[in-house]
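Notes follow the structure.
The values are calculated or read from the model by the stated rules, or taken from the named source; none is laboratory data. Just so it is clear, the model here is predicted, and its values are computed rather than measured. Cβ placement follows ideal geometry from the backbone for every residue including glycine, while neighbour counts extend to all protein chains displayed. Heads up: the accessible areas ignore ligands, DNA and RNA and are worked out on the full protein's heavy atoms, side chains in. Shrake-Rupley method; radii C 1.70, N 1.55, O 1.52, S 1.80 Å.
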Amino acid sequence: MADVPWWRRAVIYQVYVRSLADSDGDGIGDLPGVRAHLAYIADLGVDAVWLTPFYPSPQADAGYDVSDHRDVDPTFGTLADFDALVADAHRLGLRVIVDIVPNHTSSEHPWFRAALAGGPGSAARARYIFREGRDGGERPPNDWPSVFGGSAWERVPDGQWYLHLFAPEQPDLDWTNEEVRAEFDSILRFWLDRGVDGFRIDVAHGLAKDPGLPDLPAGFSVAGAAAAGHPHWDRDDVHAVFRRWRRITDSYRRDVAFVGEAWVETPVQLARYVRPDELHTAFNFEFLLAPWDGPSLRRAIDASIEALAAVGAPATWVLSNHDVVRHVTRYGGGEEGVRRARAAALLLLALPGGAYVYQGEELGLPQVTDLPDEVLQDPTFVRTGGAERGRDGCRVPLPWSGDEPPFGFGPPGSTPWLPQPAGWDRLTAERQASDPDSMLSLYRRALRLRRGVEDEPFEWMDADGADVGVLAFRRGPGFTCVVNVGDGMVDRPAAVGSAAPVLLASDPLADDGRIPGSTAVWYGVPPTARA
Ligand code: GLC
């Protein structure tokens, strides 16, 4: 199976650079901090890391407001630090994916400054989406809201308005402009030439806008999934961009992969992004959004596998990332949330295709829900007038070691950019590494066992108890995964066979082998693990 491209089955560890490790004590994670923890990440048993944006940025949206796409922000290090990180990662057998943010730039990007200076009608303004307002210019050109709250339009001193689907500090680029397209070709090449193995494409579903910029039709909203016919989400024209990009990566004679962030309504819409001449993979948010119940999870799994198989693309499974509530908390929090998260990890890692692990989920970190207002930094908090607390609670710096903050995130005495809960002394990587029952130990064991089955075909099994929320499937002849999503104890499904040993269980089974609620079990003898 050596000819299966790595990205078809990779487990990719999402490094949220600001919050992984702070090497210089300024409170913010950085590339040397990441580099110092690559051995930990490799030892987990993943195949690659995805680094969230580390480019020069005023940090209006935690780095997703890029002011220079070809450098490293001094807060995060230097290009030399980046090169050293890639070299170390490759030595450890880890591939490196970087984030590319094509929908918008920072308002501090030289292009946007030139657009402001150039004035209405200038070529510099044509790289962005500037328009006259309505009602003599006083009202925005249309009624689109920003994803972060408020209007998606901001007025500049000469009277024109510019579009920003996110914060005003993130003006949207005009992808009908060839200069924009050529610039991103060149940015991709810049990082490919530095040795990256792929790109995560931010807001991949947002690049094309209805040229008429009409108001949102009734029933459409800016948030959530995108329905067909939306004036700025998931429009057909985005696909030409990705076909163009695919020609670039294909011209490199190595296995480079794209993963698209496309929040769309259905797996069928998602599958259009991963047709053979477009992106290699796309995040499968269907699974992330499914509630913790058997039928919903099964529906999400089936719909995803089916839609993606139709275009020959692998599925990717995701439970958490830097934009959503951490799944321990989403699944109910507390002890039950942890049980479900443990079971979900075994489900995630047994499904066919690739998987993403968001830093800290292997430690079972919950969402921090009680961050005080004054430390919140997500623009959503301010732009919704506090109605939404924003995403900071899933971005709290990782606890590595020790008994008190900063828990090894930064040098002793340093203050992390978001405060860590005092109780995280029980969740440090150091503490969990020596506890065979910890979440970290579960991930490590599961990731090792997974290597033996990742090329095996997926097949649902008839399980007694499907009605009470039991999911059961095979990967090849020798391996089965059973997840009791319900609350009550269930029997070991007969279809598993009585001879198959338990390889791994997310929590202890009953003495007679029955499976308690919110527990997943891997049975069988996986084929020899890949070297
Ligand atoms: C993506 C990122 C998110 C960011 C937004 C705007 O959804 O994941 O963090 O705020 O794009 O760039």
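Listed values, structure above:
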{"read-out": "Filter result for the condition that a residue is away from the ligand (no atom under 15 Å from the Cβ), of a type in the set (Asp, Glu), touching a strand residue (DSSP E or B) at 6+ places or on another chain (Cβ under 6 Å) and in contact (Cβ under 8 Å) with a residue 40 or more places away in the chain, over 197, 215, 143", "value": "197"}
{"read-out": "Test: residue in the range 400-422 that is free of Cβ contacts under 8 Å to residues at least 12 places away in the same chain and either among the aromatic types (Phe, Trp, Tyr) or surrounded by fewer than 21 Cβ atoms within 10 Å (Cβ to Cβ) (or both)", "value": "yes"}
{"read-out": "Index of the failed condition, residue 39 passing every other in (1) part of a loop (DSSP other than H, G, I, E, B); (2) surrounded by fewer than 20 Cβ atoms within 10 Å (Cβ to Cβ); (3) not charged (D, E, K, R)", "value": "(1)"}
{"read-out": "Hits in the range 427-443 (condition: of a type in the set (A, V, I, L, M) and more than 15 Å from residue 357 (Cβ to Cβ))", "value": "427, 433"}
{"read-out": "Subset of the range 200-212 (residues that are acidic (Asp, Glu) and either under 15 Å from residue 53 (Cα atoms) or within 16 Å of the ligand (Cβ to nearest atom) (or both))", "value": "202"}
{"read-out": "Enumerated helices (runs of 4 or more DSSP H) restricted to the range 312-395, each holding at least 1 residues that are more than 16 Å from the ligand (Cβ to nearest atom), on the phi < 0 side of the Ramachandran plot and polar (S, T, N, Q)", "value": "327-330"}
{"read-out": "In the range 478-513, the residues that are crowded, with 18+ Cβ neighbours inside 10 Å and among the β-branched types (Val, Ile, Thr)", "value": "480, 482, 483, 485, 490, 496"}
{"read-out": "Scope the range 480-504; condition touching a residue at least 60 places away in the same chain (Cβ under 8 Å) and part of a strand (DSSP E or B); matching residues", "value": "481, 483, 484, 504"}
{"read-out": "Residue list for the range 439-472, restricted to those being open to solvent by less than 10 Å² (accessible area, probe 1.4 Å) and touching a Leu at 6+ places or on another chain (Cβ under 8 Å)", "value": "440, 442, 443, 446, 447, 450, 471"}
{"read-out": "Scope the range 509-524; condition under 17 Å from residue 297 (Cβ atoms) and either in a strand (DSSP E or B) or at pLDDT below 95 (or both); matching residues", "value": "515, 519, 520, 521, 522"}
